[in-house]
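The values are calculated or read from the model by the stated rules, or taken from the named source; none is laboratory data. What you see is a predicted model, and the numbers here were worked out from it, not measured in a lab. Here the Cβ positions follow ideal geometry from the backbone for every residue, glycine too, while neighbour counts run over all protein chains shown.
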Amino acid sequence: MKLSLFHGCALMVMATASNQALAQREDVAENASDKIIVVTAQKRAQNVQDVPSAVTAVTAETLQDRGFTDPSDLVSVVPNLSGGTMRGDTALAIRGVGLTVVGSSPGVAVHVDGVYQPRPQMADIAQVDIAQVEVLRGPQGTLYGRNANGGVVNFMTTAPGDEIGGYVRASYATFDEYRIEGAIDLPVSEDIRFRVTGKHWGREDGFVKNINPNGSGDIDKGHSWFARARLDADITPDLTLSVTGTYAKRKGEFIYFTNLDLPIPEAIAQNPLLATANIPLEPRTTAQNDPVSQDRSYKGVTGVLDWSSGDFGIKSITAYQHYEDQFEADFDALDLSLSPRQDQQKAKTFTQELNFTVNSGPVNAVLGGFYMHDKFSNKLDFQFPLGLWQLGNPAGLPPGTSLSFSGNPYVTKTKAIFADITVEVTNNLRILGGIRHSNDSQRISEVNGIFVQTPGGPVQIPPAACPSPTNPTGESSMTFKSTTPRLGLQYNVTDDSNLYATYSQGFKIGGFNYRGGCGASYGSEKLTAYEIGSKNQFGAMTLNLAAFYYDYKDLQVEQLVGLTFALDNAPKARIYGAEAELAYTTGPFSITANAALMNARYGAGFLNLDLLDPAAGLQDTDGNPLSNAPDFSANIGASYETEPVIAGGSLTFRADLSYKSRIYYREFDNLADSQEGYALLDGSITWRSADERFSARLFGRNLTGTDYIQALSQSSATGTRFGTWGAPRQVGIELGLDF
């Protein structure tokens, strides 16, 4: 697809999926109107239409009406947002930029109440009692900084109310899936407010069918528990304190793989056992025989101290997060014990951010500093009861061998200072500027090795991978420094329409590949972005347009070689495209839509070997599509609310259709590595009582039963592609009470 930056806007279908409802955060509710959504995308309260950036605000009403429960659900309302789950982790990409490397920092930064989440797995905890989600597309270094080169997703939890009240919702759906959640406000006094939120979710029938009678049964099922307590206090008229404690736990059989094709002949020649293996290729079907389980927990405490007086303000955000994950998986998805896997991860993260805001005359500025200390430990073990054969390594390993990787500790320290300033030159013209300087240091201690089982116990096969003769301590360290600017202009054409143009740079640190060898590392990413846009309010209709061009350098890519991920940096890529968002409401009828065109391709200089196609030799990926970057995507939703028809209550009929063109998941421009274009249809019918206290919602997800791959990789051990599938059709009912 060839797309001109300027002609793209003329080709786009007008769109949005989120700017249709009043922001429900209490601290901005009094400033909102029926046509205004207030966001804090620039760390200050603004009408979303005044923000000179591509921002989509998803309100609590939209989250509830659409039944969103996972960060990947946002792909159906945000232009050029892609995502899915692989190996139990949710990965997000914006405009082709995002998480591409297992174990690396996310390219799309996720924040919860202003707190940076250093691992993509932590994003899953936020989906309860959310007041609003803001998705910012493009580099956001001068305001959100660390690894925000692709964009930012901000989750804002619901603030405590000043009266006793709350809600309870319970749902049941096919696959024996159920959920109950609720929240209650318990004001202590006029100045002290308290809110408690809880949720329990379970799915008893797994999405993935295991056809192996000797396996562990159907998988992708389990339970989760969530609790949050938030205390807000007005210490003085100018000083407020908010303290939040969060606990989340998920336990079940979520780590799974399904094979997508048969082993290539070269793999069978090296390992004849593959010729006898049971390899189902139907969607959401596996033949795994080794145990599958996961036990993940999260604990976090956040304190926000906010002082404002006149034109000045200071905000301190302090947070401590503790994350643990233990799981075992059948890494080959076959009825052979080729490579059962055990993994243990633990992370302790402390972050401190300090923001100074100034709104004096023509100047509106945010100045700040950020500090993070992250201590991560990981131990990964592969067992090879039958031995190991893999493409590119014909020697193999004998039966009873095990492979162990350990990075403990893996410490990252981050220090940054930043500034973002808007100067109003005239009533209609504003100049935008910002800069951030970051210093990231990393240190790792590794113990990696290959062991063989003997009568006396496991014995390491020399030479040891790590420590090694060249690195006797197994310790490595490195430092990343970056300075990223932002410049722009914004012009008000009318009171309800404005134009903007911005130039910005993004930066994502590199890291150590503790699963790839002693001291193995990969470099940082750099992105230069150009964006032009127009935001317009035409009576009851909102129309926003944006076009962008990215110069993307040293992007981090992965390839699964045997049982380890080889990490590399591709020299460059180019990404350009255009987006449109539209919302229109008239009486009981509303429609929202968005559409996006994008051309995301590798540049020259990246040569790679596809082990699933060894005859092709070293391939030049110049011009090949980037992963998770469809050329075209669109979403449209419509709802209609009736007059009171049943027991004094109204009915709301809603339908949502989303579409993505072909998505590639590997860099070789091979149709076998892609998911062809597909559409998903969701729908619901909601009854609300006249006093809006009671509700009942019939819902359906993926009503057409579309089978689609949401993540894909390859294994040189089995000579196959494997992946995870999107959720099947589900229908259910939800009952709600607001009090």
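Screening Lys481 with (1) buried (at least 16 other Cβ atoms within 10 Å of the Cβ); (2) part of a strand (DSSP E or B) gives one miss only, at (1).
For (1) within 21 Å of the chain's Cα centre (by Cα); (2) of a type in the set (Gly, Ala, Ser); (3) at pLDDT 95 or above, each residue gets a yes or a no:
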position: Leu651; (1), (2), (3): no, no, yes
position: Tyr659; (1), (2), (3): yes, no, yes
position: Arg662; (1), (2), (3): yes, no, yes
position: Arg666; (1), (2), (3): yes, no, no
position: Ser674; (1), (2), (3): yes, yes, yes
position: Gly683; (1), (2), (3): no, yes, yes
position: Ser689; (1), (2), (3): no, yes, yes
position: Glu692; (1), (2), (3): no, no, no
position: Arg697; (1), (2), (3): no, no, yes
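Taking segment 695-726 as the range and being within 30 Å of Asp610 (Cβ to Cβ) and hydrophobic (A, V, I, L, M, F, W, C) as the test, the residues that pass are Ile709, Ala711, Leu712, Ala717, Phe722, Trp725.
If you go through segment 69-98 and keep only what is assigned to a loop (DSSP other than H, G, I, E, B) and at pLDDT below 90, you end up with Thr69, Asp70, Arg87, Gly88. Just one of the listed residues (Asn278, Asn289) is touching an Asp or Glu at 6+ places or on another chain (Cβ under 9 Å), buried (at least 20 other Cβ atoms within 10 Å of the Cβ), more than 24 Å from Arg195 (Cα to Cα) and among the polar types (S, T, N, Q), namely Asn289. Within segment 703-720, if we keep just the residues that are buried (at least 19 other Cβ atoms within 10 Å of the Cβ) and more than 15 Å from Ile663 (Cα to Cα), the residue that is nearest to the chain's Cα centre (by Cα) turns out to be Gln714. Reported count of residues in segment 343-366, each being of a type in the set (A, V, I, L, M), farther than 27 Å from Ala329 by Cα and either surrounded by 16 or more Cβ atoms within 10 Å (Cβ to Cβ) or within 27 Å of the chain's Cα centre (by Cα) (or both), is 3.
Can Tyr172 be described as farther than 30 Å from Asp420 by Cα, touching a residue at least 60 places away in the same chain (Cβ under 8 Å), over 17 Å from the mean Cα position of the chain (by Cα) and surrounded by fewer than 18 Cβ atoms within 10 Å (Cβ to Cβ)? So Tyr172 fits the description; yes. Restricting segment 492-547 to residues that are assigned to a strand (DSSP E or B) and of a type in the set (Asp, Glu), the residue that is nearest to Pro79 (Cα to Cα) is Glu531.
Among the numbered conditions (1) closer than 30 Å to Phe606 by Cα; (2) among the small types (Gly, Ala, Ser); (3) at pLDDT 95 or above; (4) not in a strand (DSSP E or B), the only one that Ser633 does not meet is (4).
Screening segment 113-156 for residues that are of a type in the set (Val, Ile, Thr) and in contact with a helix residue (DSSP H, G or I) (Cβ under 8 Å, 6 or more places away or on another chain) and picking the one that is surrounded by the most Cβ atoms within 10 Å (Cβ to Cβ) gives Val153.
For the criterion of being modelled with pLDDT of 95 or more, under 25 Å from the mean Cα position of the chain (by Cα) and either over 21 Å from Arg443 (Cα atoms) or part of a strand (DSSP E or B) (or both), Asp374 passes.
Quick one: is Ile417 more than 30 Å from Leu386 (Cβ to Cβ) and part of a strand (DSSP E or B)? Write out each step before concluding.
Values: more than 30 Å from Leu386 (Cβ to Cβ): yes; part of a strand (DSSP E or B): yes.
So Ile417 fits the description; yes.
Considering the conditions (1) crowded, with 19+ Cβ neighbours inside 10 Å; (2) under 20 Å from Thr724 (Cβ atoms), Asn670 is excluded by exactly one of them, (1). Just to be sure, is Arg430 farther than 24 Å from Lys481 by Cβ, modelled with pLDDT of 85 or more and in contact with a strand residue (DSSP E or B) (Cβ under 9 Å, 6 or more places away or on another chain)? Yes: the conditions hold for Arg430.
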